[in-house]
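The block underneath contains the structure these notes are about, expressed in structure tokens.
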Amino acid sequence: MFKFNLKLLFLLSSIFCFQYNIFAQDSTIVGPGVIYYHDQIIEGGPWNFDILKIDLKNPFLKLESVKAKDNLFSFETMSSASKRYDKEGHKIVGAINGDFYNTATGEPTNIQIIDGQLIYKPINRVAFAMDEFKHPLLETFNYSASLLVTKDSSVSIANLNQLFESGKATLYNSFFGSSTHSPKGTNEITIQPINGWVVNDTMECIVTKADTNGNSSIQKTYSVISGSGQAGKYLAKANVGDTLKLIILIKPALYKLMQAVGGNVKLVTNGIPNSENGDRHPRTAVGFSKDSLTIYFITVDGRQPGWSVGMSYYELGKYMKDKWNVYQGINLDGGGSTTMVVRGALKNKPSDGGGERTVANGVFIVSTAPTGPLAHVVISPKKVFVIKGGNIKFSASAYDEYYNPLSTSGSSITWSCDHQLGSIDATGNLSTTDSSANGYVFVQLNSIKDSVLVHISSITKIILTPDPVVLQIGQVQEMLPSAFDSYGNSVQISKANYEWTLTGDIGTITNSGIFTAEKTGEGKIIAKYEEAADTVDVKIGVEQYFILDDFSGARTYTISGTKINLSECSFSFDNSKYVSVPMSGKLEYSLATGGTTNLNLGCDIPISGTPEAIGINVYGDGKGHWLRCELKDKNNNKFLLDLTSATPGIDWTDRWEYLEVPLDKAIPSWANPSATLTFPISVLRIYLAETSDLKKDKGTLFFDDLKVHFISTDVKGDKDNLLPEKFGLKQNYPNPFNPNTIIEYSVPQYAEVELAVYDILGKKVESLIKKEHSPGIYKIEWDASKHSSGVYLYKLIAGDLSFSKKMQLVK
């Protein structure tokens, strides 16, 4: 246990993480007054952020709201929208996704204003807006609109860009479509503002068309007002050429509102982070400084263990305040929609398997600066760490004085490097030496130069998880190695590049670190890369308790929640009382009234195998609060486990009590109500819950020795007891995979058996095995490194019988 905690401490205290052979983290100027940052935090996460810092004082900059394909009922990626709008004098420097939306139609959930034109009405939810003077605002808005037809008559416009409703006036613009779709006999007028569209100011509009035929066409920059009943009678008084006054009010808000996009909650309010928690997800946010002169676009990736786990509302709000001094901030749509585009290139890593998601709308940073001559050349990446004997490809980009990108086609780019680094070719590919060293790579384009510092290092530490491995016979565990160089940076290396060793006659391990338990007993798994190695204990079919955390200070817990007094809540490690030396975890809490309280101790603790129960020691304060924990299973489904009942809750005082709950009591979360708990699992949080305002109080609890209980297997190690009753083919593991996977099949009698792989068109790409088999269960590993990404079929053929399944190779 002591070894396990030391290893976690090293992992959590690491600052950097980078792809194989390379790490880069630096700020980059991407436009006049715009700086792009990539930020990474390991402790408590890991988290990967992409940030655009925007100086609103720059005269060339403005922010714009954008609707997918300029249509209320469409979807589009922000990369596509950026390229569609990018042109001379209107360069899209950056873009983020915007509001939540109807996934069937593409309509945004909340308000949207584009260049002064309201295209969707607000709901009772906070939104981000900006006036024509570039003043930002976060507010929950209300809508009203009216048209002054004559000196003594006006029409209240109740509806906006929605299907015609009898007896009411509706305002349509081109975002709705090519026509109003109103019925024949509807009075309609087409108008165009004299001085352009604007919200919260009176617009004088010219009537360009008036008729009673309904279904009027809608041209860009024009609007149609449609009505029947009393509203229609007022509209019938307008004639072509009349000047009418239209006012659209969004309150409370700024004068001459020009842009707006919806969100759901404030993350930072007057410099104070949101105290509510929410689950960890990828998120998109926008915020601004106290003086309203600096805007921040911020995304954090999530749902990608090892890269970025996502953030709660509280965590992201705190990050925005602590790291960037954001004074007001809002959460936009997140999850698979989270997108950060810079100069047309996707910068974040979306959580969807298919990459960047099409969304309903977004926000642009636009530069109106003209394109000029070459002024800057920039090497990418910056601040590079390379493993000795490795390779890294550099690139160079050219910019004018306003950081508008320039083409380097046909230009003479010269590369060079300090001799101690190795050699660099004419394309920017650096081949490093076999010795640790520091030095510079240089690039020159015409007379403009740039350089980057390169560090050559070696792997010095490996951390292997899960640790320990506790399985029953027949179970499979994928081992996850993490490598660190001499600078403390995390290096992702293909598992096939490690040397894998198994001690003890308990099973087998593949060259990609997949262990299969075959016999009862104990052993060790060792992962080695060059001179660095790590070892974990393995126990097969042995009943035991395993301590996940002894609360000795090695693991980091984040504290957050809803309906709590966050400033009065804390979690620390205390040596005044404990079950196992030298200390325990101390939770001081203060619960607030007004709804259900959740006070969370956030963690992410993986558990191997299939434990029967989870338990924890609790030193009670007798206040009767409900103690629960949240689990995540193999399929990323969430489950809740009651460590106490809701009533009487923690009803013991000044003594330790061990709470153990079978995992078959786990309850699916509301987000996946029909899910079945599938191993392996992780503990995501331990939390205190309270539903009664009468019991909202302050108190102190202590926790020690968070455990899991494994029972012994009933399956013996004798393979004669494992003979299958029929032919069978199991799903490959892992799936998706890259590039190795395990396929298991069963043969009940002596037979000629073939196992082969086919592409999606049915063409055989590889025969894995074809020979006579004796009865038994077989496993074979397929190395697909020579094949391209895609879906494949694998088929088992035995006489007249055949079985097939699909698998996906993702490179």
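The values are calculated or read from the model by the stated rules, or taken from the named source; none is laboratory data. Everything numeric in this text was worked out from a predicted model, so none of it was measured. All Cβ positions, even for glycine, are placed from backbone atoms using ideal geometry, and neighbour counts span all protein chains on display. Quick note on the areas: whole protein, heavy atoms, side chains included, nothing else; ligands and nucleic acids left out. Shrake-Rupley method; radii C 1.70, N 1.55, O 1.52, S 1.80 Å.
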Margin query: Between Y778 and S669, how high is the FRET efficiency from 1/(1 + (r/R0)^6) when r is the Cβ-Cβ distance and R₀ = 45 Å? Nearest 0.05.
Written below: 0.75
Notebook entry, point to check: Stretch D651-T433 to full length: gain in nm at 0.36 nm per residue minus the Cα-Cα span?
Noted result: 72.0 nm
Check: Classify the range 344-408: rounded, prolate or oblate, from the alpha-carbon gyration tensor (a ≥ b ≥ c, eigenvalue square roots; a/c under 1.5 rounded; otherwise prolate if a/b is larger than b/c)?
Finding: oblate
Check: In percent, what relative contact order does the chain have, based on Cα pairs under 8 Å that are 6 or more apart in sequence?
Finding: 10
Checklist line | Accessible area of L374 in the full protein assembly, 1.4 Å probe (Å², nearest 10) | finding: 50
Margin query: Given the -39500 (n - 2.57) contribution per DSSP H run of 4+ residues, what per-residue ellipticity at 222 nm results for the chain, rounded to the nearest 500 deg cm²/dmol?
Written below: -1500 deg cm²/dmol
Notebook entry, point to check: Each residue of the range 57-64 in order: what ³J(HN,Hα) in whole Hz does its phi give by Karplus 6.51 cos²θ - 1.76 cosθ + 1.60, θ = phi - 60°, with x for Gly and Pro?
Noted result: 6, 5, x, 8, 9, 8, 9, 9
Next item on the list: Run the 1.4 Å probe and let me know the accessible area of C417, rounded to the nearest 10 Å².
Entry: 30
Notebook entry, point to check: Rounded to a whole number, what % of the accessible area of the range 157-312 do carbon and sulfur atoms account for, probe 1.4 Å?
Noted result: 51
Notebook entry, point to check: What size of dipole, in debye to the nearest 20, comes out for the range 666-811 about its Cα centre when the only charges are +1 on Lys and Arg C-beta atoms and -1 on Asp and Glu C-beta atoms?
Noted result: 460
Notebook entry, point to check: Roughly how big is the chain's charge dipole about its Cα centre, with Cβ charges of +1 (Lys, Arg) and -1 (Asp, Glu), in debye to the nearest 20?
Noted result: 1940
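With all protein chains present and a 1.4 Å probe, how do H38, H135 order by accessible area, largest first? Walk me through the intermediate numbers first.
Values: H38 40, H135 90 Å².
Largest accessible area first, the residues go H135, H38.
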Next item on the list: Could you point to the residue in S312, N200, V126 farthest towards the positive end of the chain's charge dipole, with +1 and -1 charges on the Cβ of Lys/Arg and Asp/Glu respectively?
Entry: N200
Next item on the list: Give the distance, in whole Å, between the Cα centre of the range 436-467 and the Cα centre of the range 749-781.
Entry: 45
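Please arrange S608, S552 by accessible surface area, largest first, computed with a 1.4 Å probe and ligands excluded.
Result of the area sort, largest leading: S552, S608.
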Notebook entry, point to check: Between D291 and Q544, what length in nm is gained on full extension when 0.36 nm per residue of separation is reduced by their alpha carbon distance?
Noted result: 85.2 nm
Check: Over the chain, what is the percentage of antiparallel beta bridges among all DSSP beta bridges, to the nearest 5?
Finding: 95
Margin query: Below 16 Å, Cα to Cα, which aspartates and glutamates can K586 reach? Residues fewer than 8 away in the same chain don't count.
Written below: D549, D550, E568, D574, D621, D654, E657, D704, D705
Check: In what order, largest first, do W197, W670 sit by accessible area if the probe radius is 1.4 Å?
Finding: W670, W197
Item checked: Folded to 0 to 90 degrees: helix 2-13 orientation relative to the chain principal axis, Cα -> 30
Next item on the list: Take the alpha carbon atoms of the range 279-333, find their center, do the same for the range 144-167, and report the distance between the two centers in whole angstrom.
Entry: 39
Next item on the list: Consider a paramagnetic label point 7 Å from the Cα of T676 along Cα→Cβ; state which residues of the range 632-668 have an amide N under 19 Å from it.
Entry: 632-640, 663-668
Next item on the list: Determine how large the accessible area of F75 is when every protein chain is in place; take a 1.4 Å probe and give Å² rounded to the nearest 10.
Entry: 60
Checklist line | Selection from T535, Q477, G336, by position along the positive dipole direction of the chain (Cβ) | finding: G336
Next item on the list: List the relative contact order of the range 328-379 as a percent without decimals, with contacts defined as Cα pairs under 8 Å and 6+ residues apart.
Entry: 24
Item checked: the range 219-258 versus the range 547-618: alpha-carbon centroid distance in Å -> 58
Notebook entry, point to check: Cross-link partners among aspartates and glutamates for K795, C-alpha distance below 19 Å, same-chain residues fewer than 8 apart left out?
Noted result: E744, E752, E754, D759, E766, E772, E781, D783
Checklist line | Extension reserve of the D352-N391 stretch, reckoned as 0.36 nm per residue once the Cα distance is removed | finding: 11.1 nm
Next item on the list: Report the relative contact order of the range 535-606, percent, no decimals, based on alpha-carbon pairs under 8 angstrom and at least 6 residues apart.
Entry: 36
Next item on the list: Excluding residues fewer than 8 places away in the same chain, name every one of the lysines whose C-alpha is closer than 23 Å to that of K382.
Entry: K53, K323, K347, K349, K393, K449
